[in-house]
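Heads up: the structure comes next, in structure tokens.
The values are calculated or read from the model by the stated rules, or taken from the named source; none is laboratory data. Given the structure is predicted, the values throughout are model-derived calculations rather than measurements. When we count neighbours, we look across all protein chains shown, and the Cβ atoms used for this are built from the backbone with ideal geometry, even at glycine. Side chains are part of the model used for accessible areas, which takes the heavy atoms of the whole protein and leaves out ligands, DNA and RNA. Shrake-Rupley method; radii C 1.70, N 1.55, O 1.52, S 1.80 Å.
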Amino acid sequence: FGFVNTYKLATRYKLTDNFNIRGSVSTGFRAPTLQQLNFSNTNTNIIGGNLVYSKQVPNYSEVSRAAGIPKLTQETSVNASLGFTWKPAKNFTVTVDGYIITIKNRVVISGQYQAGDPTLGDALNNLLAAQGIQYAQFFANAVNTTNMGIDIVLDYSKRWAGNQHFRATLAGNFQKVDI
């Protein structure tokens, strides 16, 4: 997938002895996996007494091109987070971090293309018929997503009498994903 630059800027600022603010902004990418690029699988089902073939078609195939599925490209992302750490008591720590992650060109599996569907066009229907495929699916860069959320962690830790200790952690995540 050639050359790529990614960037990250992160910082932490100590406001008081027990309170810090932290944040970061970064970019990223993920190349399609070998399985997403090359995977092929045929499932045979019996529907109404007939054999029906459903095929996961490799992205580079002639069938994929006829369906208008372009070659897979890398996913790209932009990430930002802002949060704080606070130690209100000697053995108690609170951390809260908000984040947003946008991913463009996510690789997902398509729905099933059914042979004989007039909206698919003659070229694709002829290829499916020639290969005996009733349904076809593909990996494609088909969606963009935005994930926003907040992580909250409350941690209490106490040691006494040498090796004796107690630790309790309560963690939560609230998030929303837009596709």
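Sort out which residues of segment 95-123 are surrounded by fewer than 17 Cβ atoms within 10 Å (Cβ to Cβ) and of a type in the set (A, V, I, L, M), and write them in order of number. Hits for segment 95-123 are V96, I100, V108, I109, A123.
If I ask for residues that are assigned to a loop (DSSP other than H, G, I, E, B) and under 30 Å from the mean Cα position of the chain (by Cα), which ones from segment 116-171 would you list? I133, Q134, F138, listed by residue number.
Could you tell me whether any residue of segment 41-49 is touching a residue at least 24 places away in the same chain (Cβ under 8 Å) and assigned to a loop (DSSP other than H, G, I, E, B)? Within segment 41-49, none of the residues are touching a residue at least 24 places away in the same chain (Cβ under 8 Å) and assigned to a loop (DSSP other than H, G, I, E, B). All conditions in (1) in contact with a helix residue (DSSP H, G or I) (Cβ under 8 Å, 6 or more places away or on another chain); (2) within 30 Å of V153 (Cα to Cα); (3) among the hydroxyl-bearing types (S, T, Y) hold for T6, with the sole exception of (1). Residues that are loosely packed, with under 15 Cβ neighbours inside 10 Å, over 30 Å from T44 (Cα atoms) and either modelled with pLDDT of 90 or more or basic (K, R) (or both) occur at least once in segment 124-147.
This table checks each residue for (1) open to solvent by less than 40 Å² (accessible area, probe 1.4 Å); (2) touching a residue at least 12 places away in the same chain (Cβ under 8 Å); (3) in a strand (DSSP E or B).
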| position | (1), (2), (3) |
| --- | --- |
| A10 | no, yes, yes |
| G23 | yes, yes, yes |
| G28 | yes, yes, yes |
| Q36 | yes, yes, no |
| K55 | no, yes, yes |
| N59 | yes, yes, no |
| K71 | no, yes, no |
| S77 | yes, yes, yes |
| G83 | yes, yes, yes |
